[in-house]
Amino acid sequence: MEILLEIKNLMVFFENALALNDLSLEIPTNEIVGVLGSNSAGKTTLMNTVSGLIIDMKKKEDRRGGERINVLGEIRFEGEDITNIKPSERVKRGIVLSRERHPIFKDSDVLENLKIAGYLRKGKEIKEGIDFAFNLFPALPELKKRKAGLLSGGEQQMLSIGMALVAKPRLLLMDEPLLGLSPFLQAKLAKSIKGILEQGITVLVTEQFARPLIPVIHRGYVIENGMLVFSGTREELSDNPEVKSAYLGV
Ligand SMILES: Nc1ncnc2c1ncn2[C@@H]1O[C@H](COP(=O)(O)OP(=O)(O)OP(=O)(O)O)[C@@H](O)[C@H]1O
Ligand SMILES: [Mg+2]
């Protein structure tokens, strides 16, 4: 099994508070891996650390003289140490984050947003990326000319994921993509995540209530208070009584 992303002994401190505590995870190439955790478990911090956004947050805080952010441990992508490289360089290497409530350019229309998202790519690749996003979310092409700020929550979520896809990820990071969607849309999006995998994109996805995701993930990690408390294949997760009651609502 080839490992695309390896997280080793990751610790993230906000001042003296430990948001991630000695976390080690492996994300195999061409799998969908879930990270399950309740509120403030550390899901977003993990995504920000893998995407490198935490480096920008830290710089900003250091400049302001605000709280101290510290990251310890190691992140390796395709065998290379990327712990200290900046977010835009990680995007170029193929690590792309689709954030929950991603900052979308609200006054630009859907198509313009998708084009902006491809700024690091060539024209032809942008077009391919947009076609791929439109294929995956057939509701999007009809909204091409709609201002992003006027989209519903679910439509914005699709646009946000579409934007990440235009950047042509090798590893797509999705932070709670199902949040706020109806059960119908959740099931649809879970299927789309499978479609993303079929395009050769490895997916790391966080979720709090993971039932709709279970059918599509290969394996999952459960974190509580920034610590790893359980890891296993989809079957192992869905057979574990504690995981079932805490994250699957059964
Ligand atoms: N910028 C910050 N400054 C201080 N503490 C922070 C900061 N960001 C996160 N934290 C703390 O780190 C812990 C993990 O937060 P994080 O946002 O990663 O959790 P989460 O699993 O994404 O939660 P949610 O389900 O609510 O989105 C929390 O205790 C949170 O208060
Ligand atoms: Mg979060």
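The values are calculated or read from the model by the stated rules, or taken from the named source; none is laboratory data. Note that this is a predicted model, so its numbers are computed, not measured. Here Cβ is always computed from backbone atoms with ideal geometry, including for glycine, and neighbour counts include all displayed protein chains.
Among the residues of the range 172-191, those identified as buried (at least 16 other Cβ atoms within 10 Å of the Cβ) and within 14 Å of the chain's Cα centre (by Cα) are 172, 173, 174, 175, 176, 177, 178, 189, 190. Tell me whether the range 149-171 contains one or more residues that are at pLDDT 95 or above, more than 16 Å from the chain's Cα centre (by Cα), part of a loop (DSSP other than H, G, I, E, B) and not hydroxyl-bearing (Ser, Thr, Tyr). No, every residue in the range 149-171 fails to be at pLDDT 95 or above, more than 16 Å from the chain's Cα centre (by Cα), part of a loop (DSSP other than H, G, I, E, B) and not hydroxyl-bearing (Ser, Thr, Tyr). Look at (1) at positive phi; (2) in contact with a Ser or Thr (Cβ under 7 Å, 6 or more places away or on another chain); (3) at pLDDT 95 or above and you find that residue 176 fails only one, number (3).
Within the range 88-102, restricting attention to residues that are more than 16 Å from ligand 1 (Cβ to nearest atom) and surrounded by fewer than 18 Cβ atoms within 10 Å (Cβ to Cβ), which residue is nearest to residue 171 (Cα to Cα)? The residue in question is 94. Screening the range 214-250 for residues that are assigned to a loop (DSSP other than H, G, I, E, B) and modelled with pLDDT of 95 or more and picking the one that is farthest from ligand 2 (Cβ to nearest atom) gives 218. If only one of 58, 43 is closer than 30 Å to residue 242 by Cβ, touching a strand residue (DSSP E or B) at 6+ places or on another chain (Cβ under 6 Å) and within 13 Å of ligand 1 (Cβ to nearest atom), which one is it? When all the criteria are applied, what remains is 43.
Touching a Gly at 6+ places or on another chain (Cβ under 9 Å) and of a type in the set (A, V, I, L, M, F, W, C): is that true of residue 18 in this structure? Answer is yes for this residue. Residues of the range 136-148 that are more than 20 Å from the chain's Cα centre (by Cα) and assigned to a helix (DSSP H, G or I): 141, 142, 143, 148. Between 176, 224, 242, the distinction of being of a type outside the set (Gly, Ala, Ser) and either more than 16 Å from ligand 1 (Cβ to nearest atom) or in contact with a Cys (Cβ under 8 Å, 6 or more places away or on another chain) (or both) belongs to 242 only.
Each residue in the range 7-32 was checked for being away from ligand 2 (no atom under 12 Å from the Cβ) and more than 22 Å from residue 194 (Cα to Cα), and 17 pass. Assessment of the range 33-46 against the conditions (more than 13 Å from ligand 2 (Cβ to nearest atom) and on the phi < 0 side of the Ramachandran plot) yields at least one matching residue.
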